[in-house]
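Data block below; observations after.
The values are calculated or read from the model by the stated rules, or taken from the named source; none is laboratory data. Predicted model only: the values in this text are computed from it and were never measured. Neighbour counts are summed over all protein chains in view; Cβ atoms, including those assigned to glycine, are modelled from backbone coordinates with ideal geometry. These area figures cover heavy atoms from the full protein model, side chains too; ligands, DNA and RNA do not enter into them. Shrake-Rupley method; radii C 1.70, N 1.55, O 1.52, S 1.80 Å.
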Amino acid sequence: MAAARALIVVDVQPDFLPGGSLPVGEGDAIIPGVWELMESNAFPVKVATQDWHPPEHASFASNHDGAEPLETIRLHGHDQILWPDHCVQGTPGAELYPQLPWTRVDAVIRKGTDPRVDSYSGFRNNWGPGGDRPPTGLAGYLRERDVEEVVICGLARDFCVQWTAEDAVEAGFRTTLVWDLTRSVDPSGDDELRSALEEQGVRIVEKAELTP
Ligand code: VGL
Ligand code: ZN
């Protein structure tokens, strides 16, 4: 089979959209464009990630006595931002956003399922108690499908999209991030984030620049 290009749709879930428990500003603005890419025939492989936490997850402020959301603590030797409860397994906020054509997606990688460890990236967990970042299996899945290039969109630009893009480069995939089909939790860092990603080898494009 010829080298394939894969679409990766990151964490488009109600909890990250307006009205959700960890809403990303303007998160809903990406929906029509993401819908178009999901419907496109330009991607022989399409995958999605789904943030999928147990209620006792270590990234929830509610699971740390006296802690408030958006505080940073040390967890397994690394900084960890504490979040409001979000994407709790089986809750409506954790679903794949119901208005998108998920039937088009070949595989869904659920992440953040280990209560002890966060997982921003679709490829590997954040650092765990063992000091390593255990893989989710996504890189192997894509390699077995002859994928050489990944095109990434979704939420949030400055967390799960960023980490997924960085790990995609590190795993050896040509990596494109569709900037206008992402939004940040903290847009004030966007300029810096953009340069940092480009420096690491992530190609950043607007949706209109994607060759169909
Ligand atoms: C995300 C914070 C916590 C994301 C997930 O999808 O960017 N951010 N969990
Ligand atoms: Zn999460």
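When THR211 is tested against (1) modelled with pLDDT of 95 or more; (2) under 29 Å from ALA2 (Cα atoms), only condition (1) is not met.
Of these, ALA58, ALA3, ALA29, which one is open to solvent by 10 Å² or more (accessible area, probe 1.4 Å), at pLDDT below 95 and in contact with a strand residue (DSSP E or B) (Cβ under 9 Å, 6 or more places away or on another chain)?
ALA3
Looking only at residues of the range 108-143 that are more than 13 Å from ligand 1 (Cβ to nearest atom) and touching a Lys or Arg at 6+ places or on another chain (Cβ under 8 Å), we find that the one that is farthest from PRO32 (Cα to Cα) is PRO129. Within the range 89-109, none of the residues are more than 24 Å from ALA139 (Cα to Cα), aliphatic (A, V, I, L, M) and in contact with a strand residue (DSSP E or B) (Cβ under 7 Å, 6 or more places away or on another chain). Restricting attention to the range 144-189, the residues that are surrounded by fewer than 21 Cβ atoms within 10 Å (Cβ to Cβ), more than 10 Å from ligand 1 (Cβ to nearest atom) and under 18 Å from GLU26 (Cα atoms) total 6. For residues that are open to solvent by less than 50 Å² (accessible area, probe 1.4 Å) and of a type in the set (Phe, Trp, Tyr), scanning just the range 98-143, find the one that is farthest from LEU177 (Cα to Cα). My answer is TRP102.
Determine whether ARG116 is over 30 Å from ALA3 (Cβ atoms) and within 15 Å of ligand 2 (Cβ to nearest atom). Criteria met by ARG116. For the range 61-74, the set of residues classified as open to solvent by less than 40 Å² (accessible area, probe 1.4 Å) and within 13 Å of ligand 2 (Cβ to nearest atom) consists of ALA61 only.
Can you tell me which residue among VAL9, VAL24 is part of a loop (DSSP other than H, G, I, E, B) and touching a Ser or Thr at 6+ places or on another chain (Cβ under 9 Å)? Every option except VAL24 fails the conditions. LEU22 falls short on exactly one of the conditions (1) more than 13 Å from the chain's Cα centre (by Cα); (2) open to solvent by less than 10 Å² (accessible area, probe 1.4 Å); (3) within 13 Å of ligand 2 (Cβ to nearest atom), and that condition is (2). Counting only strands (runs of 3 or more DSSP E) that sit wholly inside the range 127-212, those with at least 1 residues that are out of contact with any Pro (no Cβ under 9 Å at 6 or more places or on another chain) and in contact (Cβ under 8 Å) with a residue 40 or more places away in the chain are 147-155, 174-183.
Among the residues of the range 80-97, those identified as within 13 Å of ligand 1 (Cβ to nearest atom) and either exposed (fewer than 14 other Cβ atoms within 10 Å of the Cβ) or in contact (Cβ under 8 Å) with a residue 60 or more places away in the chain (or both) are TRP83, PRO84, ASP85, HIS86, CYS87, GLY93, ALA94, LEU96, TYR97.
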